[in-house]
1. For R479, what accessible surface area do you get with a 1.4 Å probe? Give it in Å², rounded to 10.
2. When the Cα atoms of region 147-301 are enclosed in a convex hull and the volume is divided per residue, what value in Å³ results?
3. Students often get this wrong, so check it: of K227/K445; K204/K372; K45/K312; K74/K476; K227/K476, which have C-alpha atoms separated by over 31 Å?
4. Among L68, L138, A158, flag the residue with its Cα farthest along the positive direction of the charge dipole of region 1-158, charges on Cβ as +1 for Lys/Arg and -1 for Asp/Glu.
5. On C-alpha positions alone, give me the angle between the axis of helix 44-54 and the longest principal axis of the chain, in degrees, nearest 10.
6. Over region 208-364, one equal point on each Cα, no solvent: what is log10 I(q)/I(0) by the Debye formula at q = 0.19 Å⁻¹?
7. Taking a 1.4 Å probe, which of R168, R404, R272 shows the most accessible area, and what order do the others take after it?
8. Which distance in Å, rounded to a whole number, links the C-alpha centroids of region 294-313 and region 401-421?
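The values are calculated or read from the model by the stated rules, or taken from the named source; none is laboratory data. The structure presented is a predicted model; accordingly, all values stated were derived computationally and were not measured. A quick note on method: Cβ atoms are made from the backbone with ideal geometry, for glycine too, and the neighbour counts reach across all protein chains shown. Surface accessibility is based on the protein's heavy atoms, side chains included, excluding ligands, DNA and RNA. Shrake-Rupley method; radii C 1.70, N 1.55, O 1.52, S 1.80 Å.
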Amino acid sequence: MLAKVLSATVVGIDAILVDVEVDIAQGLPQFATVGLPDGAVKESKDRVKAALKNAGYEFPPKRITANLAPADLKKEGAAFDLPISIGILAATGVIDGQRLSRYLLAGELSLDGSLKPVRGCLPVAVAAKQAGLDGVVLPTENAPEAAVVEGIAVIPAATLAEVVQFLRGEQQLAPYQLDLQELFRQIDEYSDDFGEVRGQEHAKRAIEVSAAGGHNLLMIGPPGSGKTMLARRIPSILPAMGFDEAIETTAVFSVSGLLENGTALVTQRPFRAPHHTISDVGLVGGGTSPKPGEVSLAHNGVLFLDELPEFKKHALEVLRQPLEDGRVNISRALQSLTYPARVMLVAAMNPCPCGYLGDPTHSCSCTPLAIKRYRSRISGPLLDRIDLHVEVPAVAYRDLSDLREGEGSAAIAGRVLQARSIQQARFKGSKVHCNAQMNSRLIRKHCELDSAGHRMLELAGELLGFSARSYSRILKVARTIADLAGSATIQEPHLAEAIQYRSLDRKVSHV
């Protein structure tokens, strides 16, 4: 007898529906799973057999074939345990196939028949809704994240027996209910605040400009000057995530298996700070079983790279395409995947190997050749993609001993939000969210300069040797500075401030 159960597999951050076809025929006892299953899927036969027996159901001693269609798509993970076991029960007549056809099933089985959470249930619920199904049956721990998708019933189940009784109409399982508005009201405030930072007013101004326009930022300063302290407070001044952004970010965490059990939605902008020993696969994603990397896990948030020159050169170079396009494209022989990677890159580095070049209280022991070699680890094309370069000098004692609290994150966030509101109105109806995402056409439209501005930019280019990409970055930053000032046009002070944030381009590249 043949039975069909609907399930899904995750490809990138999207889910594709999979037909789990189970055929039971006469012959020697055998259990075969076909349809490009990986190791975890192949091992499901042992989990399914034990779970059915321990849940009180008979496992047929016949020839069982489970086909996962489409057959040319690789299937990964243990989420097919539940649909395969239900398919066996449907093929033996325990479950009515008509009710079964209206639901999508996914879940890993324990040997005692209980259900364990699986990865990617948010995109699975989206796929089920788009297919017009009545609902999805998932492990209880996965119900909150799937319930974020409105318009489809999410049925939480703790055991295989509950699923069987629900599909037979013997037990009612109430759909999981989620209050999204309450979820956003419960956002935890960031514990780190800019009011705790002493001094560094120039660096804080650059960070405010960076946050207001979503620009990439590089901080250069000696050890202990507060670069990491400043970077960790950047999320506290960024605008709150919207619902669409939260869905995208949650989907990335869900398919990576990093969403905590019971967590429905990632409502805070992520802050990812990988160690400098990370590989290029760990940074941008990929691998034999492709998964999102740190740049995708920081989607809609901040990717902080401390000690930038210490990262592997190849790992830094593979960041160039994600920073430019806002996504990561991974091509394999059997499939091509795309992960979102719209991040605000914040990097920090020392001015030289010892860290004390230009420091008034410490002498630098590095030779000019060593300094040049150290800084050349960051290529020119990557440096061009960083909009602002700011020096973060050592903090003076008078600033450290000052007991007065500096300007807090709330005040800075207010100005950032006001500037972002201007940009949202400017780019309404497009896929652009902030000034940093403007393309050439939008730059020509919204970053017009008067004759004095053109002369200033031309002179700065001759003196500092800017690349064509650097000109675009300067104009984007100047547009953001004008937005912070509430100005409809880019004026000379705005352009001058934007240019001085690129002046380190010459120093870092040609020392």
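1. 10
2. With only Cα atoms used, region 147-301 gives 160 Å³ per residue.
3. K227/K445; K45/K312; K74/K476
4. So the residue furthest toward the plus end is L68.
5. The two axes meet at around 50 degrees.
6. The Debye formula, applied to the Cα set alone, gives -1.21.
7. Ranked list, largest accessible area first: R404, R168, R272.
8. The distance from the Cα centre of region 294-313 to that of region 401-421 comes to 25 Å.
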